[in-house]
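Here's the structure we're looking at; comments come further down.
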Amino acid sequence: VAGSAGGFSEEHFREAYAEFRQPVGAGAGWQLLVETLSISVYWRRDKRTGLYEYKVFDVLEDCPPAVLVDVYTDLDYRKQWDEYVEELYEQEHNGQTVIYCKVKYPFPVSKRDYVYIRQLQELDTARGKIYMVLSQSTSVPQLPEKRGLIRVKQYKQSLAIESDGNGGSKVFMYYFYNPGGRIPSWILNRAVQKGIPNFLRDLVKACQNYPNNI
């Protein structure tokens, strides 16, 4: 699992866990964006950037937590099942593991790339084992911006996974990114409304087809 010993502190994980346990209340500014049979997506406008941050709740049936974590963090396998990923690899720089990711988006959005750190921590709680995966954008001189690509410089994601008690997983995701460039807000909103449920659907298929899922 990629990550950095110095990338995230215990406080970062505690804050992410507290966010996971906290119900979404109207008083906090969160509004329901998408709701299907199992997926609920909320959004809130970030006052500093004017962009939106998202919270996602879902139950992924037939995806045990340990398998789901492996699928989510397996970079080579991600390139097989995620049609939007063009490049994805990790490198060591100054004692820190960083991940480079190049993605394509549906027309008319241009290709973008990310450089980020990621770390996994397993928490033993009264609710049982919870897997927490934190990701955040970073920059290293060895991975400079590339011509023809827009570098995503603000990216943050927290993922919490626990058992649903029936062989599947309860999933919570917090997500914020600044895509850069000039993307109309209506395109971004539409992409999120369709993209998150589609991604989670593909994730379930990837879990079911994962070579190590015996």
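List of remarks:
- To put it simply, the accessible area of the chain at a 1.4 Å probe is 48 percent carbon and sulfur.
- Listed as lacking a disulfide-compatible partner in the chain: Cys101, by the criterion of no other cysteine Cβ under 4.7 Å.
- Magnitude of the charge dipole for region 58-146, about its Cα centre and with charges confined to Cβ atoms of Lys, Arg (+1) and Asp, Glu (-1), is about 360 debye.
- Given the alternatives (i) 72, 38, 32; (ii) 48, 39, 35; (iii) 54, 53, 42, Cα extents along the principal axes in Å as computed for this entry is given by (ii).
- From most to least packed by mean Cβ count within 10 Å, the peptides 164-172, 66-74 give 66-74, 164-172.
- Segments 110-119, 28-37 sorted - mean Cβ within 10 Å per residue, highest first: 110-119, 28-37
- Computed about its Cα centre, the charge dipole of region 94-149 is approximately 300 debye, with only Lys, Arg, Asp and Glu carrying charge at their Cβ.
- Evaluated at q = 0.23, 0.24 Å⁻¹: base-10 log I(q)/I(0), Debye formula over Cα of region 1-103: -1.28, -1.26
- Note on region 97-214: with charges restricted to the Cβ of Lys and Arg (+1) and Asp and Glu (-1), its dipole about the Cα centre is near 660 debye.
- For the residue pairs Lys102/Lys129; Lys55/Lys146; Lys47/Lys129; Lys104/Lys170; Lys129/Lys156; Lys79/Lys194, alpha carbon separations beyond 25 Å are given by Lys102/Lys129; Lys55/Lys146; Lys47/Lys129; Lys104/Lys170.
The values are calculated or read from the model by the stated rules, or taken from the named source; none is laboratory data. What you see is a predicted model, and the numbers here were worked out from it, not measured in a lab. As a convention, Cβ positions derive from the backbone with ideal geometry for all residues, glycine included, and neighbour counts pool all protein chains shown. Each accessible area value is taken on the protein alone, full model and side chains, heavy atoms only, with ligands, DNA and RNA left out. Shrake-Rupley method; radii C 1.70, N 1.55, O 1.52, S 1.80 Å.
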